[in-house]
Amino acid sequence: MSASRVAAAVVTVVVASATAAGAQGLAEAAARARQEQQARHAVQAVPTRTESDITFENPWEITIAGFRQYAAIRSDLKAVRRYRPTLNARLYEASQRVDRLAELASVISAEPSVVDVLDRYHVTPQEYLWMEQTFLTDDYWLRRDSPRGLRDQLIHVANIRFLREQARLVRELIPYWGEQWHDADRFIERF
């Protein structure tokens, strides 16, 4: 085999491997772009709520898009609280002085860094607390025998079924409770 044929073969192999690596890089970039687009659509797909929808007597009906939004908000708030330990302490102290999670809306509204996160997701403090209340309650009752009073709460029952069926998604998006800014057990609805 001549030197020119060997050189041509080497060039062909190098070009082919570079093309394969470039194609793999493009595939990864396309996959990342698809994930980012899905995340944007998840936030946009959450229906807008009216003030009458956001009552703590009417629990939040958990959907995949809504749960993704809630998990993203919760994750961002956790990062803000970690970055600002005094904020975490203020929120925890305030939570010790109230009887219902809904009563913390004014406290959350007074914290600019928390409001910035909520504004990014187009959620009011009251809406976030409504979502938090529902998730805490349904996650609690998911792991226990349901009392007779819970069976009449159709949205809670549907949410518990959603959390059970989407357990993998729930673990991925909310992998660990970590440090809480409130005592969760105090705010769980008992039926």
- Item | Selection count where residues are closer than 21 Å to N58 by Cβ and among the aliphatic types (A, V, I, L, M), scope the stretch 93-121 | 7
- the stretch 109-124 residues that are assigned to a helix (DSSP H, G or I), paired with ones that are charged (D, E, K, R) (beta carbon under 7 Å, 6 or more apart): S113/R84; V117/D76
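Given the condition assigned by TED's automatic domain parsing to the domain that holds N159, surrounded by 19 or more Cβ atoms within 10 Å (Cβ to Cβ) and among the acidic types (D, E), answer yes or no: does some residue in the stretch 112-121 qualify?
Scanning the stretch 112-121 turns up no residue that is assigned by TED's automatic domain parsing to the domain that holds N159, surrounded by 19 or more Cβ atoms within 10 Å (Cβ to Cβ) and among the acidic types (D, E).
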- Breaking point among (1) of a type in the set (S, T, N, Q); (2) over 30 Å from V114 (Cα atoms); (3) at pLDDT below 70, for Q180: (2)
- Return the total of residues in the stretch 90-108 being buried (at least 19 other Cβ atoms within 10 Å of the Cβ) and free of Cβ contacts under 8 Å to residues at least 12 places away in the same chain. 0
- Task: Filter the stretch 73-86 down to the residues that are in contact with a helix residue (DSSP H, G or I) (Cβ under 6 Å, 6 or more places away or on another chain) and surrounded by fewer than 18 Cβ atoms within 10 Å (Cβ to Cβ), then identify the one that is farthest from I174 (Cα to Cα).
- Result: V80
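The values are calculated or read from the model by the stated rules, or taken from the named source; none is laboratory data. Just so we're clear, the structure is a prediction, and the values are computed from it rather than from any experiment. Counting neighbours? That spans all protein chains shown, and the Cβs are built from the backbone with ideal geometry, glycine included.
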